[in-house]
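The block underneath contains the structure these notes are about, expressed in structure tokens.
The values are calculated or read from the model by the stated rules, or taken from the named source; none is laboratory data. As the structure is a computational prediction, the values presented were derived from the model and not from experiment. Glycine gets a Cβ as well: all are built from the backbone with ideal geometry, and neighbour counts include every protein chain shown.
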Amino acid sequence: MNKINLYIIACLTLFLWSCEDYYDTNNDPVIYGITHYKSDLNTDKACYKPGETVHFTLKEKPSGNVKIRYSHLGKVISEDLLSSNSWSWTPPSDDYKGYMVDIYEITDGKEKIHQSIAVDVSSDWKKFPRYGFLSSYGKLSDKEIENNIEVLNRYHINGIQFYDWMHDHQRPLAGTVDNPSASWSDLMGRTNYLSTVKGYIDAAHNRGMKAMFYNLAFGALNNAGADGVKEEWYLFKDENHLKKDSHHLDPPFRSSIYLTNPGNQEWQNYITGRHNDIYKVFDFDGYHIDQLGNRGTVYDYSGNVVKLDDTYKSFISAMKQSNPDKRLVMNAVSQYGQQQSIAKSEVDFLYTEVWDESKTYDQLAQVIFDNSRYSENTKAAVLAAYMNYARSGNSGYINTSGILLTDAVIFSFGGAHLELGEHYLANEYFPNSNLQMKSETKKSLTHYYDFLVAYQNILRDGGTFSTINVQSADGSLSFENWPASQGNIAVVGKKFTDKDAVHLINFSQANTMEWRDTNGTQKEPVLVKDIQVKVNTSNTVTKVWLASPDINGGVAMNIDFSQSGSEVLITIPSLKYWDMVVFEY
């Protein structure tokens, strides 16, 4: 290519970058740098053990008399002058607590908040799990690995699912324990590298994250016979073992997946041995067990009907017995097997892949309620809930409005959302990276995950959901107790011994009440300000405060109130997607 052509290409490139926007194949506007976002305030880990020191870094120290403020549930613990763009703090020694840290100054008698970030002090991730994922293990440099983990760290992701990291399902480790392969093909035929998988595990551990290897409970490829998998271990669609149950996959996948019987003890022993090989080579913290949901009527080799959802309990038990110190998580596809087997097993928390059986926001919240009930309130909930699913087959951008409304529902009901990895997750095949996040989405999600952590002791730590009467004082807005309805502001109440929390989720402009926002068309709510609200309570209120991921990065603010009998009158400064108002007694 001659110099003139190179010059023309360079000029055209600069022209495109300088334009306000241009359009991709989905007619989505593309702006140079539109996906770039990096938080100015960071911590060195996603979570901390009690007594551990938190190290902060700030890109640029603001000028003036700027302070650092450390708070827990709206109460200031301490303050310090900000004298450097890096500093340390040792939180109180209490376990399982969330904190908000913000940088602020007083200007002309008004408080100006520059930055904020949350801190999670928890000795075990299973109390407040925030699950992320990885899905690509090509030849990456240490810097590339660290950059990806750094992003997840800023969202306080405390555990990572290593999706499709392995070679064959029945033989995940390529090579041998003594001589593991330096690279291997995954199911799709992509080349994965030993150095990348190990590098990711080390980088995750350095940030306080758990690293969980992914595999099916019952997967075998068409070459499994050569690895010692017996015909008698499979599941069949007929009583005469003529047709194996399978998950059909077309090329470029190397094979369809054939299903073994998770309750078969010989299969359990076999796959346990293969997983022991994994632990000898890779420093994984545990096993993320996948399944494929309800398979209809299936049979074992002898022609007996297998109640597949009943087999998971023994499978999980066998995995735990073989490696008692390793962690387990199991996917309940559309809640299949959750109540019967998984909820009371030795998994760290309850993970549900949500499909069309639970389409609405109300049904999504019900999954979290059900998981709490199934586990007798002993296990947290994480939902694999794929946003903008119909759009994920083509390139484009995630719709921020849909994501934030769905996260507001999941978080306010005490759950977490599996959605963040090297890219945003919009499809059950995790390497699908067609839909990207704009910088505004990344910034908003940073605030939402800060909020999830800072107020985890309200959102995910006890309390009883109950009806709390909220009304517009002037009748200008429509408040309606959960379940949410289109055109209204949904009210979710939660009672504690010394406080009530009231979540206000804004569906006033919603054009769909299906959480998936499958075509990416959910409307952005109109910001409303200075909302006068009446709340009924039988208690004497001593303090009212508000926090929102949409306001000042989630930093709590005190609100003036008046109480006459059982009626409390407050003015909410603003509502976009989600506000949390707390009444203390």
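Annotations for the structure displayed:
- Of all positions in the stretch 103-111, none carries a residue that is within 20 Å of residue 381 (Cβ to Cβ) and either surrounded by fewer than 22 Cβ atoms within 10 Å (Cβ to Cβ) or at pLDDT below 95 (or both).
- For the stretch 538-580, the tally of residues that are in a strand (DSSP E or B), in contact with an Asp or Glu (Cβ under 9 Å, 6 or more places away or on another chain) and either in contact (Cβ under 8 Å) with a residue 24 or more places away in the chain or surrounded by 20 or more Cβ atoms within 10 Å (Cβ to Cβ) (or both) stands at 13.
- A Cβ distance below 6 Å, combined with a sequence gap of six or more or placement on separate chains, defines the contacts here; from the stretch 315-331, residues that are more than 18 Å from residue 352 (Cα to Cα) and crowded, with 21+ Cβ neighbours inside 10 Å reach no residue that is polar (S, T, N, Q) and at pLDDT 95 or above.
- For the stretch 390-477, the helices (runs of 4 or more DSSP H) that sit wholly inside it and include 2 or more residues that are under 23 Å from residue 144 (Cα atoms) are 439-454.
- Every residue from the stretch 227-284 that is polar (S, T, N, Q) and surrounded by 21 or more Cβ atoms within 10 Å (Cβ to Cβ): 260, 261, 264, 268
- Matching residues in the stretch 334-352 - criterion: being within 22 Å of residue 402 (Cα to Cα), in contact (Cβ under 8 Å) with a residue 40 or more places away in the chain and buried (at least 20 other Cβ atoms within 10 Å of the Cβ): 351
- Residues that are within 21 Å of the chain's Cα centre (by Cα), under 14 Å from residue 373 (Cα atoms) and part of a helix (DSSP H, G or I), drawn from the stretch 317-359: 338, 342
- Residue pairs whose Cβ atoms lie under 8 Å apart, sitting 6 or more positions apart in sequence or on different chains, and linking a residue in the stretch 272-289 that is of a type in the set (S, T, N, Q) to a partner that is surrounded by fewer than 20 Cβ atoms within 10 Å (Cβ to Cβ) and in a helix (DSSP H, G or I), are 272/318; 272/322; 276/322.
- Strands (runs of 3 or more DSSP E) wholly inside the stretch 30-119 that include at least 2 residues being more than 27 Å from the chain's Cα centre (by Cα) and under 23 Å from residue 546 (Cα atoms): 67-72, 75-81, 97-107
- Criterion applied to 134, 152, 187 was being surrounded by 14 or more Cβ atoms within 10 Å (Cβ to Cβ) and touching a helix residue (DSSP H, G or I) at 6+ places or on another chain (Cβ under 7 Å), and the one residue passing it is 134.
- Filter pass, residue 166 being modelled with pLDDT of 95 or more, farther than 30 Å from residue 557 by Cα, surrounded by 21 or more Cβ atoms within 10 Å (Cβ to Cβ) and in contact with a Pro (Cβ under 8 Å, 6 or more places away or on another chain): yes
- Residue ID - modelled with the lowest pLDDT, chosen from residues in the stretch 36-86 that are surrounded by 15 or more Cβ atoms within 10 Å (Cβ to Cβ), among the small types (Gly, Ala, Ser) and closer than 22 Å to residue 207 by Cβ: 39
- Residue among 208, 199 that is out of contact with any helix residue (DSSP H, G or I) (no Cβ under 8 Å at 6 or more places or on another chain) and not basic (Lys, Arg): 208
- Selection status of residue 179, in contact with a Pro (Cβ under 9 Å, 6 or more places away or on another chain) and polar (S, T, N, Q): no
- Hits in the stretch 299-310 - residues which are outside any helix (DSSP H, G or I) and of a type outside the set (Lys, Arg): 299, 300, 301, 302, 303, 304, 305, 306
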